[in-house]
Amino acid sequence: MSEYNRLYNSLRNQILGRHYAAGQKLPPERLLCEDFGVSRITARHAIRLLQEQGLVERFQGRGTYVRNIKPQKVSIVNCDFSNSILKNASHLKRKLISCQKVSPPPSITEYLNLNKNDECLLAKRLDIINDEPAAYDRAFIPIKYSSSINDKMLIKIDFFELWAEAENLNISYGTESIEAIGANSEAVEILKVKPDSPILLTVETSYDSNGNALAVFESVYRGDMIKLTSTNYRGDKNVKITN
């Protein structure tokens, strides 16, 4: 690796990792040369690369400052959460908030075609990107389909696939509704956002080939960190719609 690439990569990683905050001044060229053992020409070349990438801004006589970089949203494509995360946000971490048997609210009872007094498993999970809460979900799963579920499985990004295989479920299709809403008190507490901040609420129901509902997943996404993308096929053309 060339010297300027070594310096460039180091500074770039520190900027993206927020070691240097937006508006903060980078060390002067003299110190960069001393710390990395490079020449002034090499240091200037590395900084010029950062500037071309839009990461820093140089001011004559004042120095080089980190620009305010708008975070890129993570795309969840075609409702395929696990593969989308593995491709677009492999650094995501999942934390289990709670897991318990509950009497579900009437809307979930209706989705799952349960009797009035039937219980289901409710697992609440938080997804974290770059140490920031990005999303959380509420998974409602009938008790008869929950014998294999444990805390370790619940925090796996590919939980859905692992659960379906463990319970020997033949998941044939699913339905999803998407709604843009303002953050309620629960979202404010979990996602650390301001009241009424824009969030996305999705409700996904999975069915077997006989039309039996197997689970309901209510997911809440921060609007400033996550976007939902779908691809529709019309004739020979793809039309990509971003929500």
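Computed quantities for the displayed model
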| item | result |
| --- | --- |
| Neighbourhood net charge (15 Å Cβ-Cβ; Lys/Arg +1, Asp/Glu -1) for residue 168 | -3 |
| Between 0 and 90°, nearest 10: helix 40-52 axis offset from the chain longest Cα axis | 40 |
| Mean Cα-pair separation over length for the chain, i.e. relative contact order, pairs under 8 Å, 6 or more apart, % | 16 |
| Long pairs among 156/192; 73/152; 116/156; 101/227; 101/152; 93/194, criterion Cα-Cα beyond 21 Å | 156/192; 73/152; 116/156; 101/227; 93/194 |
| The chain: Rg to Rh, with Rh as the Kirkwood radius over Cα pairs | 1.11 |
| 20 °C / 1.002 mPa s Stokes-Einstein diffusion coefficient of the stretch 122-198, Kirkwood radius on C-alpha pairs, µm²/s | 147 |
| Relative contact order %, the stretch 3-66, counting alpha carbon pairs below 8 Å whose residues are six or more apart | 42 |
| Low-density loop positions, GluC sites (Glu not before Pro), the stretch 52-133 - DSSP coil, at most 16 other Cβ in 10 Å | 119 |
| Sequence-distant residues sharing a close amide H with residue 26 (under 5 Å, placed H) | 64, 65, 66 |
| Cα convex hull volume per residue for the stretch 93-225 (Å³) | 108 |
| Cα-based convex hull volume of the stretch 3-66 per residue, rounded to whole Å³ | 74 |
| Within-12-Å neighbourhood charge of residue 20 [Cβ basis; K, R +1; D, E -1] | +4 |
| Estimated vicinal HN-Hα couplings, Hz - the stretch 117-133 in sequence order (Karplus 6.51, -1.76, 1.60; Gly, Pro = x) | 9, 5, 9, 9, 7, 10, 10, 10, 10, 10, 10, 10, 10, 6, 6, 10, x |
| 19, 45 arranged by Cβ crowding within 10 Å, fewest neighbours leading | 19, 45 |
| Least to most buried among 101, 73 (fewest other Cβ within 10 Å first) | 101, 73 |
| Whole-Hz ³J(HN,Hα) from phi, Karplus 6.51 cos²θ - 1.76 cosθ + 1.60, for the stretch 11-16, glycine and proline x | 5, 4, 5, 5, 5, 5 |
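Each reported figure results from applying straightforward, stated rules to the coordinates on display, with no laboratory input. Here the structure is a predicted model, which means the values were calculated and not measured. So basically every Cβ, Gly included, is an ideal-geometry build from the backbone, and we count neighbours across all protein chains shown.
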